[in-house]
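Working notes for the structure below.
The values are calculated or read from the model by the stated rules, or taken from the named source; none is laboratory data. This is a predicted model, so every value here is computed, not measured. Note: ideal-geometry Cβ built from the backbone for every residue, glycine included; neighbour counts use all protein chains shown. Side chains included, ligands, DNA and RNA excluded: accessible areas come from the protein's heavy atoms. Shrake-Rupley method; radii C 1.70, N 1.55, O 1.52, S 1.80 Å.
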Amino acid sequence: MTRVRLENITKVYGSVIAVDRVTLEIESGELFTLLGPSGCGKTTTLRIIAGFEVPEEGKIYFDDEDVTFLKPYRRNTAMVFQNYALWPHMTVFDNIAYGLRIKKLPPEEIRRRVKWALELVKLEGLENRYPLQLSGGQQQRVALARALVVEPRVLLLDEPLSNLDAKLRIEMREEIKKLQRKLGITTVYVTHDQLEAMSISDRIAVMNKGKVLQYGPPRQVYFRPTSLFVADFLGRSNILYGKAGKYHDGYIDVYIPDLDATLTGVPVKEITSSNVAVVIRPEIARLVEKNQQVENKLTGKIDLAMFLGDKVELRVGVGKSSLIIYMSNLYEPAPGSEITFYFPKDSLIVLPAEKPLMKEQ
Amino acid sequence: MWLVIPLPERLFSVKDAFIAGAIIAFFYILFTQELGYLTGAAEIVWWIAAIVWAVILFKKGFNYYRIMNSFGLSFLVIIGFIFLFFDLTLEFEGIPRALALFLTPLMTIAVIGYIHNKIALAKELKRRRKIKIPISKRVRTTLYKLDPIMIVFIVVGFSILIAFLLAPVFMMLLNCFNVPPGEPFYYNFVYIFTNAPYVKHYLLPSDVTWYTIIQSGNTTILLIKGVNYGVIVNSLINSTIVTAAATILGIIVAFVLARYDFPGKTIFRILAMVPLFITPFVNAYAVSILFGREGPISMLTQQLFGFKIWIKDLAGITLAQIMAFYPIVYLNAFSSFISIDPSMEEQAENLGSKGARLFFTVTLPLALPGIIAGSILVFIFSLEDLGAPIVFNYHYIMSYQIYSSFTSETGLVSPQIAALGFIMLFIAVLAFLAVRSFVSMRSYAMISRGGRWKPRVKKLGWKGKLFVYLVLLPLIIFTAMPQISVILLAFNIIPPYGFKIQLDKATAKYFIGIFTNPTYYPYIRNTLMYAAMAVVLATIISIIIAYSVSRTKMRILTPVMDTLATIPLAIPGLVIALGYYFFFSTFFRGTPLDPTSVTTFQAWIVLVIAYTIRKLPFVVRSVYAGFQQVHEALEEASLNLGASRTKTIFRIVLPMITTYIISGIIVGFIYITTEVSTSITIGGLNPAQAPMTFIMREFFYGGTVHGVQYVASMGVLLIIFQLIAVVIITVVLKQRYAFIGV
C-alpha cells in the first residue's frame, strides 16, 4: 500500500501549460479521481505518476521515496489504458503473464497468479483467446487483470470505461469499485464523466486548465463547490449574479436584479466583494403554496416541461431569467401555467463572482 | 499551426499583381526587344520595378492569403521560381524573360507574405509563451524520455546517414569547385552554362524542326527525333514533358478505373499494372522496336496513311519514359480517388454540382496531393533514367553525360561532370522539397465517420463505354507492350532486330541459358547476393531510423532525420554514384575500396552500401508505416509492467510489425535488383564483380547475335521476381503494392 504525493507539479508542452502547480496527496488504499473536461491536464497528471512524462517543476513521492525521475519500468505502477492497449499478437494468458515474466517468476507461479487474476475479473476459460476475439467489456477486464496481477504499488486507470456502452459502463463501474475495495490498492482514476467520478471515488479532484480547483469527498465537492467552475461542472446549476447583502447566523442575503428578489444562502468561501453569484441545483426546488411563508420563494411561468422518465425538467421564467428545476415525475404541469416553489437556504450556495458577469443566463 | 493575423482592409487582389506583371513585361518587350534600350546590365531596372511594385502592393494591403489558399496560384508561384531560376542561369531572353518578369510581382508578394506570416507567427508564439522554463530543464525532460537504446538508435542512425549519404554528396559538391589554376571558383558552372553542348544559346536552322520526312525509294518515312537544345535543356524539357504526360494519362486511367464499372474492368486493372514491372534497358529497347522504322506501328501507318513512322533520339526517350513511368501516377491517383470520402462528393452533388465541375472543384483538389506526390517521382525518375538514353544511343542528356564519364578511357571523373551532377541534384532536390511542402500543406486528413466507406462506383453510359474501349483500352494495351515484348524477345518469338512474329522459332534456350551459361549466371548470382546483403542492412537501418523518427519528438533532430531518410528518393542515382566515387577515392585512397585503383577495387562493397542507402526510403517507409500502426499505449503498457525499452521493442513492437518489415524487405529487394545507375557506373569499374543490370547493358552492345535475347531473358527473370513480390505482398500480407509518395 502506497501513499502518492504530488508536490507543485508543472508540465509544459511547448508553450502550453498542461499541468500547473498541482499539489495532491493520495492516501494509501483510496480510490482517487481526477475529474475535468478534456484538455484539463488530468491524463497528463496520471502519465506523470506513471513515469511516461516528467514534470518541469515539482516532485512526486511514493510513500517517502522520490520517484520524479524514476523510469516507468522501475516504478511498479500498473496502468489501464483508455483503449486497453492489449497486445493483439498475444493470447489473453500471455498478455496477463507478461509483467510476471518480466519479473522472471517461475512458470508455476505465473500460471497460478494468472489464474487468480482471471478469476478476479471473471474471465476463466478465455486464456487462449486473442484480444480481437473478445468483446469490449472482456478486453477491459483483461486489461484490468494484466494490471492487477503484478501487484502494483499504484493502480492507474485512464478513462477505462469511455469505450464501453452505457449499460456496461455502469456494470464495470461497480465491479472496479468492488475490486478496489477488496484488494485495497491505491488507485488513481481519470475521467471526464462526473457521475462516474462521484459514484466510484473516495475523493475527487476537479481540474481545469491544468489546475486543481478543489478536492475532497464526492459529497463535499458536490454540495459545497468552492468555485463556479466546479459548481457548473459537477451536476447542473443555475448561476445567478447579484449583490451581497447582510449576514445572519452563517447565511447571507443576496439581491438578484434579474429576479428582482433576495435569496438567502450559505457562503462557502469568504466573500470579499459585493459582487457574488448564487448557485442553485435544480433538484433542490420544492413546491409550495403561493401564500406560504418560506425562504427563497419564487413564482414563475413554466416555459417548457420535459419528461425525463425519472424526473420532470422545467424551464421556469422568473423575472428576466429562466431557471432549470427538477420536479417529481408525477408532476404534470400545463404549459404556460404558473408555479410557485422555494429553495431551502441550506442548499443554496453563495460564491464570489469570479469574473465580471460573463453572460446573461 | 494556423493563426489568424488581422488583415488590413482588402484593397488589392491577385488581379492587381498580374496587371503589374503584364505592364512591366509589356514595357520590357517594347524597350528592350523592339527599341533596344535598357539592355545588358541596365535590364535590372525592370526587375527593380517589378519588385518595388510588388512591395507597394503588399504594403497597401494585398491579401496574401489569396495566394496561400489558392491551389493554382501557389503552384504557379512554385513553378514560377523554378522557371525564373533557369531563365536567369540559362540566359533566356525575349519572351521567356518577359514571362519571368510577368510572374515576378506575384512571386515577390508570395515571398514577402510568407516571411511576414512566419514572423507574425513567431511573435504570436512568443507572446503566448507565458512561463519561461530554463533550457536545462527542457533538456532534462527530453533526455528522460530517451531510454539508452533510443540514444543508440539516434546516434547510429545519424552516423550512417552522415557518413554514407551526406558525406559523399558533399564530396561531389566539393569537386564541382575543383577548377583549373587561375580560374574563379565557379568556373565549372560557367563552363557548363556557356558551352554549346550543354546549353545551346542559339539554334542552327537544321536544329529547329523536331521531325523530318525522308523519302527512300517509294516509301515515305516520318522521322521524329526532337530538338537538341543542349544537354541541360534537353533533360529539363524531356522530364517536364514526361511528367506532364504521365500525370494526365495517370489521372484519366485512374479516374475511370476507380469510379466506373464496365465489363472487363479486372483485365484493365491488371493490364494497367504491367508497365510497373521494371526491366532495365529491355523495355526501352522494345519501344525502339515498336516505333522503329520497320516496327508494327510503322506497318500500321503505312497501311492506313501511306507513310512510316520512326521515332528515335530524344523523342524516343520521352516516349519510352512516359510508357514506363505513367503507372506511378496511376497508382497514386487511384488510391487517392478511392480514399476520398464519398460524402464529400455527394454533398457537392446535393448542392447541384456535377460532371466536370464536380471533378475540378471537389474530386481533383482532394486527390491532388497524392497525384502530385506521384508526379514528382516521375520527374526525378525521368531525370536520372539511363536505360532509355543508352538504348536510343542518344548522348545529349544529363544522365548519359554523367554515365559516359565513368566509362571514359582514363577512368577519371572530371570536375565538370561533378558540376553537372550538382545541377541534376539541385533540380531534383529543389523540385522534391518544393512539392513536399506544397503537398503537406494540402494534405487533408479525411475524417470518416463509421469506418471504411464503400467507394463510389458508377455504371458507364454508352459514350463512356465507347471512350473506354476505343481510347483507353488501346492505350493501356499499348503501354503494356514493352513488357510483353520483353517476354516475346526472350523466347525468340520476335527477333532481336526488325519486327515479325515467328512462333515457329520459339525457344526457351536463352532463358535457360542465363542460368547455365558461365558468361551470364555469375552476374545473376552477384545481383542476388548484393541485394540480399543490402536488404538486410537497409532493414536494420530502417528499423533504427523509423523507430527514432516515430517515437522521439525532438524539435530539430527528428524532422531532420526524417528528411534525411527520405531524401535519397530525390537524389539521382548518378549523383550517389558520383558522390561515392569521390568519397571512396578520397578517404580510401589506395585501399581496395578506392574506385581509381583499377585492379584491386572491391566494387561489391561500395555497391552494397550504395544500394542500401539509395533504396533506404522504400524500406523506411514501409517500416515506419508499421510503427505508426502500433499505438504508443501498447508500448507504454509494456514499460509500465516493468519491461525496459529494449525488451519492449523486441517483444512487443517488432513482432507486431513483421508484415510491414517483410513487405519493406520485398520492395527493397525488387528495387535493388532492378537498380541501374550505380550498378553500371560503380559496377563498371570492376566488371568481374558487376551485377546483372551492368551485364544487361554490356551484352546489348556486346556484338553477339543473341545478346538481346539473353538480356530479355534477364528481364523476364526480373519480371518473375516482381510478380512473386506482388503476390506475396497483396495475397499473403494483404497490403497494397504501390509506389510510395513524397
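Roughly speaking, what is the centre-to-centre gap between region B:14-48 and region A:40-115 when only Cα atoms are used, to the nearest Å?
70
Can you work out the FRET efficiency for the pair B:Tyr144 and B:Leu166, with r the C-beta to C-beta distance and R0 = 45 Å, to the nearest 0.05?
It comes out at approximately 0.95.
Given springs between every Cα pair under 10 Å in a Gaussian network model of chain A, which of A:Pro217, A:Pro333, A:Pro55 has the largest fluctuation?
The residue that fluctuates most here is A:Pro333.
If you take each beta carbon of peptide B:627-638 and count the beta carbons of other chains within 10 angstrom, what is the mean?
5
Suppose a student asked you for the relative contact order of region B:272-407, using Cα pairs under 8 Å spaced at least 6 residues apart; what percent would you report?
Contact order relative to length: 30 percent.
Suppose every K and R has +1 on its Cβ and every D and E has -1 on its Cβ; what is the size of the dipole of the protein assembly as shown about the Cα centre, in Debye to the nearest 20?
Computed about the Cα centre, the dipole is about 1120 debye.
Roughly how many percent of the accessible protein surface of the protein assembly as shown is carbon and sulfur, given a 1.4 Å probe and a whole-percent answer?
Answer for the protein assembly as shown: carbon and sulfur cover 63 percent of the accessible area.
With a 1.4 Å probe and all protein chains in place, put B:Thr658, B:Thr527 in order of accessible area, largest first.
Order by accessible area, largest first: B:Thr658, B:Thr527.
Using label points projected 7 Å from each Cα along Cα→Cβ, tell me how many nm separate A:Trp116 and B:Ile19, to one decimal.
8.5
Measuring from label point to label point, each 7 Å out along Cα→Cβ, what is the A:Lys103 to A:Leu287 span in nm?
Output for this residue pair reads 6.0 nm.
Give the peptides B:664-673, B:57-66 in descending order of average Cβ contacts within 10 Å, highest first.
B:664-673, B:57-66
Cα centroid distance between region B:72-120 and region A:188-253, in Å?
Region B:72-120 and region A:188-253 have Cα centres separated by 60 Å.
Using a cut-off of 14 Å between alpha-carbon atoms, which aspartates and glutamates can reach B:Lys463, once sequence neighbours fewer than 8 places away in the same chain are excluded?
The qualifying aspartates and glutamates are B:Asp261.
State whether chain B is rounded, prolate or oblate according to the following rule on the C-alpha gyration tensor (a ≥ b ≥ c being the square roots of its eigenvalues): a/c under 1.5 gives rounded; otherwise a/b larger than b/c gives prolate, and the remaining case gives oblate.
Rounded, since a/c falls under 1.5.
What are the aspartates and glutamates whose alpha-carbon lies under 15 Å from the alpha-carbon of B:Lys509, with same-chain residues fewer than 8 places away excluded?
none
For a label point 7 angstrom out from the Cα of A:Arg315 toward its Cβ, which stretches of region A:281-299 have the backbone nitrogen within less than 18 Å?
Counting only backbone N, you get A:282-283.
Relative contact order for chain A: what percent, with Cα pairs under 8 Å and sequence separation of 6 or more?
Contact order relative to length: 16 percent.
Report the FRET efficiency, 1/(1 + (r/R0)^6), for B:Leu470 and B:Tyr211, where r is their Cβ-Cβ distance and R0 is 41 Å, rounded to 0.05.
Calculated transfer efficiency: 0.95.
Which of A:Leu330, A:Leu134, A:Leu70 moves most in a GNM of chain A, Cα contacts under 10 Å?
Sorting by GNM fluctuation, first place goes to A:Leu330.
Find the centroid of the Cα atoms in region B:321-367 and in region B:652-677, then give the distance between the two in whole Å.
30
Let me check something: with ligands and nucleic acids excluded, how do B:Phe277, B:Phe170, B:Phe618 order by accessible area (1.4 Å probe), largest to smallest?
These residues rank, largest area first, as B:Phe170, B:Phe277, B:Phe618.
Rounded, prolate or oblate, given the Cα gyration tensor of region B:64-192, with a/c below 1.5 counting as rounded?
Oblate, because a/c is 1.5 or more while a/b does not exceed b/c.
Taking each residue of A:84-94 in turn, how many C-beta atoms of other protein chains fall within 10 Å of its C-beta, and what is the average?
Partner Cβ neighbours, averaged per residue: 4.
With the radius of gyration and the Kirkwood radius both derived from the Cα set of the protein assembly as shown, what is their ratio Rg to Rh?
Dividing the radius of gyration by the Kirkwood radius yields 1.05.
Over the heavy atoms of B:Lys123, what accessible area does a 1.4 Å probe trace out, to the nearest 10 Å²?
The accessible area of B:Lys123 comes to roughly 140 Å².
What fraction of the DSSP beta bridges in region A:137-253 is antiparallel, stated in percent and rounded to the nearest 5?
Antiparallel bridges: around 60 percent, rounded to the nearest 5.
Return the average number of partner chain Cβ atoms within 10 angstrom of each residue Cβ along peptide A:11-19.
4
Express the accessible area of the protein assembly as shown per residue in Å², computed with a 1.4 Å probe while the remaining protein chains stay in the model.
45
Before we go on, tell me the buried accessible area for the A/B pair, both chains summed, 1.4 Å probe, in Å² to the nearest 100.
3200
Mind checking which aspartates and glutamates have their Cα closer than 20 Å to the Cα of B:Lys132? Skip sequence neighbours fewer than 8 apart in that chain.
The qualifying aspartates and glutamates are A:Glu7, A:Asp20, A:Glu53, A:Glu56, A:Glu57, B:Glu124.
From the protein chains alone at 1.4 Å, what is the descending order of accessible area for A:Ile49, B:Ile338, largest first?
So, going from the largest accessible area down, we get B:Ile338, A:Ile49.
What figure, in Å² to the nearest 10, do you get for the accessible area of A:Glu25 with a 1.4 Å probe and non-protein molecules left out?
Rounded to the nearest 10, the figure is 70 Å².
Using 0.36 nm per residue of separation minus the Cα-Cα distance, give me the extension gain between A:Asp66 and A:Asn83 in nm, one decimal.
3.2 nm
Can you give the accessible area of A:Arg286, probe radius 1.4 Å, in Å² rounded to 10?
Its heavy atoms expose roughly 110 Å² to the probe.
Quick check on region B:80-129: take the gyration tensor over C-alpha atoms, sort the square-rooted eigenvalues as a ≥ b ≥ c, and tell me if it's rounded (a/c under 1.5), prolate or oblate.
Verdict is prolate for region B:80-129.
On C-alpha positions alone, give me the angle between the axis of helix A:136-148 and the longest principal axis of chain A, in degrees, nearest 10.
70
Taking every DSSP beta bridge with both residues inside chain B, roughly what % is antiparallel (nearest 5)?
If we restrict to bridges inside chain B, about 45 percent are antiparallel.
With point charges of +1 on the Cβ of Lys and Arg and -1 on the Cβ of Asp and Glu, referenced to the Cα centre of region B:64-193, which listed residue (B:Leu101, B:Thr141, B:Met171) lies farthest in the positive direction of the dipole?
B:Thr141
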